[in-house]
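Heads up, the thing below is written out as structure tokens.
The values are calculated or read from the model by the stated rules, or taken from the named source; none is laboratory data. Because the structure is predicted, anything quoted here is derived from the model rather than measured. When we count neighbours, we look across all protein chains shown, and the Cβ atoms used for this are built from the backbone with ideal geometry, even at glycine. The accessibility values were calculated without ligands, DNA or RNA, using every heavy atom of the protein model including side chains. Shrake-Rupley method; radii C 1.70, N 1.55, O 1.52, S 1.80 Å.
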Amino acid sequence: MAGSSAFAAMAIVLMVAFSPVVSSLRPGLGVCRASGYLPGRSGNCVKNNDPDCCEDGKRYPQYHCSPPVTSSTPATLTLNSFEKGEDGGGPSECDNSYHSDQEMVVALSTGWFSNMARCGHRIKITANGNSVYAKVVDECDSVHGCDEDHNFEAPCANNIVDASPAVWNALGLDQSTGEQDITWSDGDE
């Protein structure tokens, strides 16, 4: 009996410890809900590529999860420069480097980034019948933001593929729109 009560106590401790993550993802339903809200704090937001700059006092949803990845995962493509001093913030998380706007690179929302598990992997991105491959080099942070490390931008939504201008150009997309509905999949060949 003592063993089962210890097991029950351990289960409760684990449930409490992981409740923000567990409560944000509803298994089997593929639904990812906000796990909290970040209070906004404005700052020196580099305004290249039309970023979502934080506003003082505004609340921004935070996500520890993303929708399930399939062979054709719906997402929103956003435009991001990974060059030093541009709107991408600090160096890329996967390699601690900056990347030229001519490189085919992307950042994925926190859940899809999966604690760096997709670093260096290529994904296939499809828009308007065109497909390209791009390398994952960074996280589009869906939890943190509104600080210097994140260019004083709001946390990303949970379904973002943040892509370099090279990706937009290769897909034949108009960068001035800033967002594009796409699908993506793991694309390592």
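If ALA127 satisfies all but one of (1) open to solvent by 20 Å² or more (accessible area, probe 1.4 Å); (2) at pLDDT 95 or above; (3) more than 23 Å from ALA34 (Cα to Cα); (4) of a type outside the set (Phe, Trp, Tyr), what's the number of the condition it fails?
(1)
Please indicate, with yes or no, whether at least one residue in region 167-174 is within 16 Å of the chain's Cα centre (by Cα) and charged (D, E, K, R).
Looking for residues that are within 16 Å of the chain's Cα centre (by Cα) and charged (D, E, K, R), one finds none in region 167-174, hence no.
Within region 158-173, restricting attention to residues that are assigned to a loop (DSSP other than H, G, I, E, B) and under 16 Å from MET104 (Cα atoms), which residue is most open to solvent (accessible area, probe 1.4 Å)?
Per the criteria, the residue is GLY172.
For every residue, the table says whether it meets (1) acidic (Asp, Glu); (2) free of Cβ contacts under 8 Å to residues at least 40 places away in the same chain; (3) surrounded by 14 or more Cβ atoms within 10 Å (Cβ to Cβ); (4) more than 23 Å from CYS65 (Cβ to Cβ).
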| residue | (1), (2), (3), (4) |
| --- | --- |
| PHE82 | no, no, yes, yes |
| GLU86 | yes, no, yes, yes |
| ASN96 | no, yes, no, yes |
| MET104 | no, no, yes, yes |
| SER109 | no, no, yes, no |
| TRP112 | no, no, yes, no |
| MET116 | no, yes, no, no |
| ILE123 | no, no, yes, no |
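Run GLN180 past the list (1) surrounded by fewer than 22 Cβ atoms within 10 Å (Cβ to Cβ); (2) assigned to a helix (DSSP H, G or I) and report the number of the one that doesn't hold.
The failed condition is (2).
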